[in-house]
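These notes concern the structure reproduced below.
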Amino acid sequence: MIYVSSLSKALAPGFRTGFAVSPPALTAHVAAAARAAATMPSAALAGVAADLIASGAAHAARAAQRTETLARLGIAREYLPNAAFTAAVTPHLWIALPEPWRADPFAAEAYRRGVAVSPASAFATTRIAPEAVRVSLSAPHDHAQLRRGLAIVRDLLRDPPLGGVTI
């Protein structure tokens, strides 16, 4: 088994450094594949990443991030109890939209009200995407801003558009 991770997911989006851990018998193959498939980060960035990991600072930052993500998921559960929550601790959630909502008009109306959500089509690999939106829980600066945004999303879900939606 080969484990692959990235500090851009674990610590901060701009920290574009990844790591792979493999059985010793596969190390040379994994290293060759990494060199062939990707550009390498600067030596300085790789050094900072290694120091953060070795010192324990990366672990502490990740633990703090996990605590904050759990708090934000708890807030989301208060406002959106019917949303699809995964077992994973992720900084976003997916909301399957009720009829007659469609994802693109929902996202546009949310944006008009000051909340940015992403329609599922932004992540689709085919032409067919579910009528769902992705809500980022990490984008708001604080819990108050998150609560305001989730209240807007909740209200939109409760009050479908009058006269249907444009398809």
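The values are calculated or read from the model by the stated rules, or taken from the named source; none is laboratory data. Bear in mind the structure is a predicted one, so any value in this text is a computation, not a measurement. Virtual Cβ from ideal backbone geometry, glycine too; neighbours counted across all protein chains shown.
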Problem - Test: residue in segment 132-148 that is over 23 Å from residue 66 (Cα atoms), of a type outside the set (A, V, I, L, M, F, W, C) and at pLDDT 90 or above - result: no
Practice task
Would you please name the residue that is modelled with the lowest pLDDT, looking only at residues in segment 101-114 that are crowded, with 18+ Cβ neighbours inside 10 Å and of a type in the set (Phe, Trp, Tyr)?
Solution key: 101
Practice task
Looking for whichever is at pLDDT 95 or above and either surrounded by fewer than 18 Cβ atoms within 10 Å (Cβ to Cβ) or farther than 13 Å from residue 138 by Cα (or both) here; the options are 91, 81, 98, 119. Which one fits?
Solution key: 119
Practice task
Hey, could you check segment 11-31 for residues that are modelled with pLDDT of 80 or more and polar (S, T, N, Q) and say which is nearest to residue 53 (Cα to Cα)?
Solution key: 22
